[in-house]
Amino acid sequence: MNRMSKRTSIAAVVGAAGLIAAASLAPTVFAEEPDPTALQAVDLVLTQVAVANTPTAGTPGPDGSIWIAERAGVVRVLDENGLGSPVLDISDEVSVLGEGGLLGLAFDPDLAHFYVSFTGLDGGTNIDEFAVADGQLLPDTRRSVFTHPQPFSNHNGGNILFGPDNLLYIGLGDGGGSGDPQGNGQDLGTLLGTILRIDPHGAEPYAIPADNPFVDDPNARDEIWAYGLRNPWRFAFDAETGELWTADVGQNLIEEVNLAPAGVGGQNYGWSLMEGTMPFNGEEPADHHAPIFEYDNDGARCAITGGYVYRGEAIPDLQGAYLFSDYCEGDIRALEIQDGEVIESNLIDIPSGGTFSFVQGPDLEIYVLDGRFGNISRIDPAEGPDPDPTDPDPTDPDPTDPDPTDPTDPTGDACTATINIVSDWGSGWQGNVTVTAVEGLDNWSLQWTWPGDQAITSHWNADLNTTGTSVTATDVGWNGTIAAGQSLEVFGFIATGAGSAPQITCTTA
């Protein structure tokens, strides 16, 4: 297991303007601060407890269960008997184009209402509520709590959770495209690029808390709790201190972690004037609430996946550390704040990448959701007990699921590839590329020729070379391995010209 520790001074991360006093980030964060040397020595494993179809989110439920969202629009319950049959299926209402899907789940503190956050067929964000009785959803009680249109198919956000104040927090990205083309990040007149705070029980469809930070600002939306965010895919409250940790997915250079004091809103996290502590499209705003930690988007790491501050009991040496990952790299990492320094440690190597989300269980232990292979795993101490042989085998396929090995290629090629046009806004468009492995792949290379004046202006998760109208794209390591019969969305791009999906030649070395 590769061990790595990196120290960053909070003062260095705040930025040259020094707009946030380091004292305001003093480690009230940790009730019992772990020794960084002890954290490096802790030996952890991922214990697989179930397999789902592209699990995206989860939340503690009744009777010690965990409710799991599958991207297509299905909710299943994970308990001591394994992952059960669907308790909710809204797949006929959910769009999975681009970054869409069923993206968030939450119960209110009394477990009396259940909430789902999903992308509708029109591409907009939807949050619906169901009443719960005796641990069961009551379908006839469904109501719409919140809707908002999305101009593009990426940066949907989608996270929802109840805070220590029993209010619902909602994460919305900047609306997508590339580089915040509509300027939503710094616009308090829109709900995009924000974390919202509402009371779903106070009015129909919801009430706005009187102490929200912008309720007295005639130029701001009252629902906003914090703004200046590009895509707050995952954020979470520390279960002990109430502080809010927000991981914001970066553009091309920086992935960042932000920290806000308990009960304090109004932060401007800087996007799109700033990407982390670097100017992106202007100058640093005077009220910039800079990240406490950032890292380079270097190809191996491309999109941060926020997690939780560990407050469980199974791993005492991990107590108080903030866990996070990156979708491309996949490794489980930890942050600690000690003596004015942020210490990053690599805890668990996951060579395949694909860490989609974390779940904090009812006992505060942490689970990891793998968006590539569907694994649901618990973070355990390596010396933990062996799995109970009477437990259901998490690798047993669900007989109701489609056979993933069914696709065939009559040409006998090792792989095929397609471009899916997920959004077209006239002056540009987004394409996502899917590779299907006829035989097992360790790497792939794609070649195609544009039929017209198309040109790629930005891309992610591939090494790309363009000569005239010819394009060659190759994997970046973590996304090169694809099992036989599996289809995997491997990279994406933004292009100009008319949207086009030309024939692609897929080869492997």
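Dipole of the range 259-372 (Lys/Arg Cβ +1, Asp/Glu Cβ -1, origin at the Cα centre): which of SER272, ILE337, LEU369 lies farthest to the positive side? Of the candidates, LEU369 comes out farthest on the positive side.
Label sites at GLN447 and GLN182, each approximated as a point 7 angstrom past Cα along Cα to Cβ, lie 4.1 nm apart. Rolled with a 1.4 Å probe across the full set of protein chains, the surface gives LEU259 an accessible area near 10 Å². Taking amide H as placed 1.01 Å from N in the peptide plane, the amide H of GLY374 sits under 5 Å from that of THR54, each at least 5 places away or on another chain. Most tightly packed first, judged by the mean number of other beta-carbon atoms within 10 Å of their residues, the peptides 453-461, 285-293 read 285-293, 453-461.
Among 338-345, 178-185, the peptide with the highest mean count of other Cβ atoms within 10 Å heads the list, and the full ranking is 178-185, 338-345. For the chain, what does the relative contact order come out to in percent, with C-alpha contacts under 8 Å and a separation of six or more? Rounded, it is 14 percent for the chain. Packing here is the average count of other Cβ atoms within 10 Å per residue, and on that basis the peptides 295-301, 278-284, highest first, run 295-301, 278-284. Spacing of the modelled spin labels on ASP413 and ASN465, each 7 Å from Cα toward Cβ, amounts to 2.0 nm. Ligands, DNA and RNA are left out, and with a 1.4 angstrom probe the accessible area of the chain is 39 Å² per residue.
For the range 152-262, what D do you get in µm² per second when you plug the Kirkwood radius from alpha-carbon pairs into Stokes-Einstein at 37 °C and 0.692 mPa s?
230
Each Lys and Arg Cβ is given +1 and each Asp and Glu Cβ -1; about its Cα centre, the chain then shows a dipole of about 1220 debye. Per residue of the chain, the DSSP helices (runs of n ≥ 4 H) give a summed -39500 (n - 2.57) that works out to -500 deg cm²/dmol at 222 nm. Distances between placed amide hydrogens fall under 5 Å for VAL145 paired with ILE127, ASP128, GLU129, all partners being 5 or more residues away or on another chain.
If you roll a 1.4 angstrom probe over the protein chains with everything in place, what fraction of the accessible area of the chain belongs to carbon and sulfur, to the nearest %? That fraction is 49 percent. With a simple spin-label model that places each label point 7 Å from the Cα along the Cα-to-Cβ direction, the separation between ALA262 and ASP217 comes to 2.5 nm.
The values are calculated or read from the model by the stated rules, or taken from the named source; none is laboratory data. Since the structure is predicted, the reported quantities are computational estimates derived from the model, not experimental observations. Glycine also receives a Cβ, built like all others from the backbone with ideal geometry; neighbour counts cover every protein chain displayed. Calculation scope for accessible area: heavy atoms of the full protein, side chains included, ligands and nucleic acids excluded. Shrake-Rupley method; radii C 1.70, N 1.55, O 1.52, S 1.80 Å.
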